[in-house]
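Shown below is the structure under consideration.
Please treat every number below as a calculation from the coordinates, not as lab data. Computed from a predicted model, the values in this text were never measured in an experiment. Please note: Cβ atoms are built from the backbone with ideal geometry, for glycine as well, and neighbour counts cover all protein chains shown.
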Amino acid sequence: MKIKIKSFEELTKEELYRILQLRAEVFVVEQACAYLDLDGLDQKALHVIGYGSNDICAYTRIFRAGDYFEEASIGRVVVSPQERGKAYGKEIMQASLSYISNTLNSRYTVISAQLYLRKFYEEMGFKTEGEEYLEDDIPHIRMRRTDPAHTPADTSQEDTA
């Protein structure tokens with residue numbers, strides 16, 4: 001899988017269409033959850049796009065610290081149903097975490113994780129914070145990761161990009 005990270009302005013119309021189509025396919029249709037995916041936040045996000053042999057097969061969006069949560073965050077983590085079982089979810093998350101650490105220089109990353117994916121995110125270094133809650137009628141849990149590459153003395157949460 002080839003991965004590119006783009007701002008909203010850098011996305012082509014075709015990329016934006018395919019990203020929104022993939023998100024709707026999984027979050028609205030597959031999960032049977034009628035919710036407004038177009039939340040007005042994509043314009044602030046950085047878009048992490050995984051390209052398979054023919055099309056976009058994985059995706060996340062990243063927010064700088066302060067743009068959505070106090071810390072940098074990752075959301076809309078999705079892998080095409082046709083491409084699952086190839087570790088693309090892990091690969092796209094690793095690319096997202098690397099960008100947050102190395103480019104945004106953020107020590108902390110938070111996610112609002114669907115509860116059934118808790119173990120997946122724990123394997124990526126995330127720890128549960130607080131109690132589970134419902135988001136669009138789906139159980140979620142807030143999780144936070146401290147980047148092991150940043151020393152304890154480095155408490156910077158500001159991005160430098």
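What residue among Thr128, Thr103, Thr60 shows peak mean-square fluctuation when the chain is described by a Gaussian network model with Cα springs under 10 Å?
For the chain, modelled as a Gaussian network with Cα springs under 10 Å, the answer is Thr103.
So, with +1 on the Cβ of K and R and -1 on the Cβ of D and E, and no other charges, what is the size of the charge dipole of segment 2-150 about its Cα centre, to the nearest 20 debye?
Charge dipole, segment 2-150, about its Cα centre: 540 debye, nearest 20.
Continuing with the same structure: Roughly speaking, what is the centre-to-centre gap between segment 50-102 and segment 125-144 when only Cα atoms are used, to the nearest Å?
18
Where is the GNM fluctuation largest for the chain (alpha-carbon springs, 10 angstrom cutoff): Leu22, Leu36, Leu97?
The residue with the greatest mean-square fluctuation here is Leu36.
Given the options Ser73, Ser101, Ser53, which has the most mean-square fluctuation in a GNM of the chain, springs set between C-alpha atoms less than 10 angstrom apart?
So, out of Ser73, Ser101, Ser53, the one fluctuating most is Ser53.
Starting from segment 26-118, pick out the GluC sites (Glu not before Pro) whose DSSP state is loop and whose Cβ has at most 14 other Cβ atoms within 10 Å.
Glu70
Under 5 Å between amide H atoms, partner at least 5 residues away or on a different chain: which partners does Gly125 have, H built in plane at 1.01 Å?
Excluding prolines and chain starts, which carry no amide H, there are no hits.
Taking the Cα centre of the chain as the origin and placing charges on Cβ (Lys, Arg +1; Asp, Glu -1), which of Leu46, Leu16, Tyr88 is farthest toward the positive end of the dipole?
Of the candidates, Tyr88 comes out farthest on the positive side.
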